1. Quick one: 3J(HN,Hα) in Hz for the range 119-125, Karplus 6.51/-1.76/1.60 with θ = phi - 60°, rounded, Gly and Pro as x.
2. Around ASP127, which amide H atoms from residues at least 5 apart in sequence, or from another chain, sit under 5 Å from its own amide H, with H modelled in the peptide plane?
3. Report ³J(HN,Hα) in whole Hz for each residue of the range 95-112, in order, from the Karplus equation J = 6.51 cos²θ - 1.76 cosθ + 1.60 where θ = phi - 60°; Gly and Pro get x.
4. Given H placed on each backbone N at 1.01 Å, which residues far from ILE39 in sequence or on other chains put an amide H within less than 5 Å of it?
5. How would you rank HIS128, HIS82, HIS56, going from fewest to most other Cβ atoms within 10 Å of each one's own Cβ?
Amino acid sequence: MWNEKKAETKSAEPPRPIETAVERTSGWLGASLRVKGEISGTDDLLIDGSVEGQIHLDNRKLTVGKTAKVTADINARDVIVHGYVKGDVRAQARVEIKKDGSVIGNLTTTQIMIEDGADFKGTIEIDHGAKEAEKSVSTRAAAAGASAAAAPVTPPPKSV
C-alpha cells in the first residue's frame, strides 16, 4: 500500500513556464545591418545595427543593443538603451538608459531610469496622461462628496 507507485500519465506536450505560455513575437536587426527610413510594427524589436529615420512600435518594446547606433525619433511602449541613441524618445510606459547607454535628445515617458555611468543630454518630460485625468476626476468627486458631508446642516425653525 505505501510502496505502490501510481501510474504516471504523460502529456504529449512538456509543461512550459508561465512566461513562455504567452507567445511574444520579436524582431532583431543584426550588428552588420543598416537601415535608413521608417521602422514600424507590432513586434518587440532588438537593434544591434545602425538605424537612421523613425521608429514606431506602439505598445511594444524597443531595445537598443550595445553595438547599436540609432539616429531616429522613437515611439514605443518601453525603450531600453544599452547603445547610442540620438533623437527624441517617446515611451508610453518606461525609458531605461543602462550604464553603457547614451541618449542625446528629449524624453517623454511615465517612468524613467538612468543607471550610474549612462550618458544623457536633453530634457525629460514625465507624462502622466490618462493617469492624471483619471486622478483629477476621482479627486474632484471625492472633494465634492467631502464638501457635501462637511456642510453644516441647519435645523428647521422651532414652532412655539
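None of the figures in this text is laboratory data; all of them are computed from the coordinates on show. Because the structure is a prediction, the values reported are computed rather than measured. Backbone-built Cβ (ideal geometry, glycine too); neighbour counts: all protein chains shown.
1. Each residue's phi maps through the Karplus curve to give 10, 8, 9, x, 10, 10, 10 Hz.
2. Long-range HN contacts for ASP127: THR109, THR110.
3. Values, residue by residue: 10, 10, 10, 7, 4, 9, x, 9, 10, 10, x, 8, 10, 10, 7, 8, 9, 9 Hz.
4. GLN54, ILE55, HIS56
5. HIS128, HIS56, HIS82
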